[in-house]
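Participant: First the structure, which I've put down as structure tokens, then a few questions once you've had a look.
The values are calculated or read from the model by the stated rules, or taken from the named source; none is laboratory data. Since this is a predicted model, take the numbers as computed values, not measurements. Note that we place each Cβ from the backbone using ideal geometry, even for glycine, and neighbour counts take in every protein chain shown.
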Amino acid sequence: MSHRFIPKDWLPIKLWHMQPGRPFEVASEVIYTNAVIRLVIPPGFRCDLASIPRWLLWMPGLNVSGRNARAALIHDFLYDRQIVDREIADALFLSVMKADGVGWFARSAMYLAVRAFGGTAWRENRSDPKKLGGTAELK
């Protein structure tokens, strides 16, 4: 396990960089609250953040652990636990990216990608036994 924390000062989430597949692990509890939902993501939750194909990483604003990292973490958690509908998870992904200053082009591209291609991940996670830990409360 690497002792490099990602991302930057403006994102108060500590992630350990792990191995390929699910290369990031939440180092400490992450709480996200907005007017509609309150999420608690437990330490130890593993995710891949933004699943951006390597051939697209040259595009401005598209990167795995940039300003979109918090939105990607929340999105991965919601896809993994399936405690809300897929449409809500995707809409929250878009909303958090906007709040975190992800530019229009990058957030639109990432949102459209999860809407178009996220169904496979959603179905795969549905067939897995649910993992323990973490909560979501709709307000």
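Participant: Of the numbered conditions (1) more than 21 Å from GLU124 (Cα to Cα); (2) modelled with pLDDT under 85; (3) hydroxyl-bearing (Ser, Thr, Tyr), SER51 fails exactly one; give the number of that condition.
Facilitator: Of everything listed in (1) more than 21 Å from GLU124 (Cα to Cα); (2) modelled with pLDDT under 85; (3) hydroxyl-bearing (Ser, Thr, Tyr), SER51 misses just condition (1).
Participant: Here is a further query. Go through the stretch 30-47 residue by residue and tally those that are in a loop (DSSP other than H, G, I, E, B) and buried (at least 21 other Cβ atoms within 10 Å of the Cβ).
Facilitator: Taking the stretch 30-47 and keeping what is in a loop (DSSP other than H, G, I, E, B), we get 34-36, 42-45.
Filter once more, so that each one left must be buried (at least 21 other Cβ atoms within 10 Å of the Cβ): 45.
Within the stretch 30-47, residues that are in a loop (DSSP other than H, G, I, E, B) and buried (at least 21 other Cβ atoms within 10 Å of the Cβ) number 1.
Participant: Working carefully through the options GLN82, GLN19, find the one that is modelled with pLDDT under 60 and surrounded by fewer than 17 Cβ atoms within 10 Å (Cβ to Cβ).
Facilitator: Working: GLN82 fails: modelled with pLDDT under 60.
Step by step, each of GLN82, GLN19 is checked, and only GLN19 is modelled with pLDDT under 60 and surrounded by fewer than 17 Cβ atoms within 10 Å (Cβ to Cβ).
Participant: Another question, if that's okay. Among the residues of the stretch 100-114, how many are free of Cβ contacts under 8 Å to residues at least 24 places away in the same chain and either in contact with a helix residue (DSSP H, G or I) (Cβ under 8 Å, 6 or more places away or on another chain) or not in a helix (DSSP H, G or I) (or both)?
Facilitator: So the count comes out to 1.
Participant: Pairs needed: first member in the stretch 78-96, of a type in the set (A, V, I, L, M, F, W, C); second member anywhere, in a loop (DSSP other than H, G, I, E, B); C-beta distance under 7 Å; at least 6 residues apart or different chains.
Facilitator: Short answer, once both residue conditions are applied: LEU78/VAL84.
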